[in-house]
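Everything below concerns the one structure shown next.
The values are calculated or read from the model by the stated rules, or taken from the named source; none is laboratory data. Computed from a predicted structure; not experimentally measured. Quick reminder, even Gly has a Cβ in these numbers, built from the backbone with ideal geometry, and neighbours come from all protein chains shown. Keep in mind that these areas ignore ligands, DNA and RNA; they rest on the heavy atoms of the full protein, side chains included. Shrake-Rupley method; radii C 1.70, N 1.55, O 1.52, S 1.80 Å.
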Amino acid sequence: MGAIGGSAVVWLVALGGLLYSIGAIVYASKRPNLSVTWFGFHELFHATFYAKSNVDENENLANFVANRATELYLMNEQKEIELFRNELEEKKLFNKFMKNQCTKLNLFYTKIKKLPERKFLKEKYLQSVCDSLNTFRIKNKQKIKRINNLIKQSANAYFIDFRQYDYLQDSIEKAFNNIYRGDLKKMVEDLKAN
């Protein structure tokens, strides 16, 4: 009985440590954006759709659907919808910039093979991304400062996070507009059916 209780305690302590670590990562990265409406739509989408073996697609779709559903939800709130749409437009510009940076970073890794040189050049490249961000025209300068800090602290992890959550947004939007003609309900139903 003692061995079973002991292993259960070890398992529970390990689980608690894992959950604590996940919470710390979420808190440190300020992800997810805890706008209750947006977060609720994001998680509801996860509850209704899952693309097998494709985390990036799942997260990108959930972000896209959350943005569109939040926009629909706020439709009768003039001030809030205007603010939200302005944020979405800034985010589109930012996503375009970051997508370009991800492409450049991938090219960088294919060109530079020597490890000592690679580390120095990668740090130099990441600093140039941060410098470019400082000139990026966005109203929320605190966001730029936070992203700069995240890039400096986590290096590639920020780019991985971007790829997982936002890299496919422009492609999804094109499909949304061209195939579904802006009909979110039809898009979600179609995704669930496939």
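Mean-square fluctuations from a GNM of the chain, with a 10 angstrom spring cutoff on Cα atoms, peak among Glu87, Glu173, Glu77 at Glu77. Solvent-free Debye calculation, one equal scatterer per alpha-carbon of segment 61-158: log10 I(q)/I(0) at 0.17, 0.18, 0.19 Å⁻¹ equals -0.85, -0.92, -0.98. Relative contact order of segment 33-116: 22 percent, from C-alpha pairs under 8 Å at least 6 residues apart in sequence.
Normalising the average separation of contacting C-alpha pairs (under 8 angstrom, six or more residues apart) by the number of residues puts the relative contact order of segment 63-194 at 31 percent. Among the trypsin sites (Lys or Arg not before Pro) found in segment 44-134, those both in a DSSP coil and sparsely packed, with 15 or fewer other Cβ atoms within 10 Å of their Cβ, are Lys52, Lys113, Lys114. Think of the chain as a dipole: +1 on every Lys or Arg Cβ, -1 on every Asp or Glu Cβ, centred on the Cα centre; then among Asn60, Val13, Leu150, Leu150 lies furthest on the positive end.
Estimated from helices alone, the mean residue ellipticity of the chain at 222 nm is -27500 deg cm²/dmol (sum of -39500 (n - 2.57) over DSSP H runs with n ≥ 4, per residue).
Taking all protein chains together, Ile81, Ile179 sort by accessible area into Ile179, Ile81, largest first [probe 1.4 Å]. Summed over the residues of segment 65-194 and divided among them, the accessible surface reaches 67 Å² per residue at a probe radius of 1.4 Å. Distance from the Cα centroid of segment 40-107 to that of segment 108-173 is 19 Å (rounded to whole angstrom). Only the Cβ atoms of Lys and Arg (+1) and of Asp and Glu (-1) were treated as charged; on that basis the dipole of segment 109-194 about its Cα centre amounts to roughly 440 debye. According to the square roots a ≥ b ≥ c of the eigenvalues of the Cα gyration tensor, what is the shape class of the chain, taking rounded for a/c under 1.5, prolate for a/b larger than b/c otherwise, and oblate for the remainder? Judged from the Cα gyration tensor, the chain comes out oblate (a/c at least 1.5, b/c at or above a/b). Rounded to the nearest percent, how much of the accessible area of the chain (1.4 Å probe, protein heavy atoms only) is carbon and sulfur? Roughly 60 percent, rounded to a whole number. Once a ≥ b ≥ c are taken as the square roots of the eigenvalues of the Cα gyration tensor of segment 119-161, is the result rounded (a/c under 1.5), prolate (a/b larger than b/c) or oblate (a/b not larger than b/c)? Because a/c hits 1.5 or more and a/b fails to exceed b/c, segment 119-161 counts as oblate. For segment 174-185, the Karplus equation 6.51 cos²θ - 1.76 cosθ + 1.60, evaluated at θ = phi - 60°, returns couplings of 4, 4, 4, 6, 7, 8, 9, 6, x, 8, 5, 4 Hz by residue, with Gly and Pro reported as x.
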